[in-house]
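Trainee: This structure is in structure tokens; I'll ask about it shortly.
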Amino acid sequence: MVVAHLPLAWIVARAAGMVALALLTLSTWLGLAMSTRILGVRRQKALLGWHQTLVWTGLSMLVLHAGALLFDPVLHFGLPSVLVPFAASWRPAAVAMGVVAGWLSLMLALSFRARRWIGHRGWRLLHYASFGAFGLALLHALSAGTDFAGSKGTIVAVVALAPVLWLGFLRILEPRTRSARRAAPAIQPV
């Protein structure tokens, strides 16, 4: 079996990367669903807790993904390779997409705590970066991830992207009257 010949660090990095992508994708879906209010206004506070939990759990898997790459005997990644865009010698553009997506995701997760200082409007504008983080993470997985070659990558991309596109268009096309904006709960994420 091929897996027996792969270094343990590479197996952990691959698994943690896939779990991180799945959790951050679920968080993106939930955030968009909450912003469209298709799940109901009354559930917003409970759903916000799940949204934040998915983000932080996804980020912890991202840390495991990057940390395991530091121990990979084949790639020889150093700390700059996993922290600085374009510092990796192996597929620098593909790795840079993952690095930028990770930093954007961390910034978005921290924005929940900074909301009182940046205000609701600033926080909502900042959350538009979630589209970039999601897109870059998906492109990273498809271009740097060895498990998503061929049709598997196409299936992963469609499954991850379709709800984001549908909810994103629903959010954009949703009629927003002035009274609806005033009645919207204060915890509404983008």
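Trainee: Out of the range 61-77, which residues are assigned to a loop (DSSP other than H, G, I, E, B) and either within 18 Å of the chain's Cα centre (by Cα) or surrounded by 14 or more Cβ atoms within 10 Å (Cβ to Cβ) (or both)?
Mentor: The answer is Phe71, Asp72, Leu75, Phe77.
Trainee: Now a separate question. Please tell me if Arg43 is of a type in the set (D, E, K, R), assigned to a helix (DSSP H, G or I) and under 20 Å from Ala137 (Cβ atoms).
Mentor: Spelling it out, it is not the case that Arg43 is of a type in the set (D, E, K, R), assigned to a helix (DSSP H, G or I) and under 20 Å from Ala137 (Cβ atoms).
Trainee: Name every residue in the range 38-51 that is crowded, with 18+ Cβ neighbours inside 10 Å and either more than 21 Å from the chain's Cα centre (by Cα) or more than 14 Å from Phe134 (Cβ to Cβ) (or both), in order of residue number.
Mentor: Gln44, Leu47, Leu48, listed by residue number.
Trainee: If you don't mind, another one. Does Ser81 satisfy the condition of being buried (at least 16 other Cβ atoms within 10 Å of the Cβ) and within 15 Å of the chain's Cα centre (by Cα)?
Mentor: no
Trainee: Okay, next question. Taking the range 64-87 on its own, how many of its residues are in contact with a Pro (Cβ under 8 Å, 6 or more places away or on another chain) and within 22 Å of Phe148 (Cβ to Cβ)?
Mentor: So the answer is 3.
Trainee: Of the residues Leu136, Leu125, only one is crowded, with 17+ Cβ neighbours inside 10 Å and of a type in the set (A, V, I, L, M); which?
Mentor: Residue meeting the stated conditions: Leu136.
Trainee: Looking at the range 145-176 only, could you name the residues that are touching a Gly at 6+ places or on another chain (Cβ under 9 Å), of a type outside the set (A, V, I, L, M) and either surrounded by 15 or more Cβ atoms within 10 Å (Cβ to Cβ) or without any contact (Cβ under 8 Å) to a residue 24 or more places away in the chain (or both)?
Mentor: Gly145, Gly153
Each reported figure results from applying straightforward, stated rules to the coordinates on display, with no laboratory input. The structure displayed is predicted, hence computed values, not measured ones. As a convention, Cβ positions derive from the backbone with ideal geometry for all residues, glycine included, and neighbour counts pool all protein chains shown.
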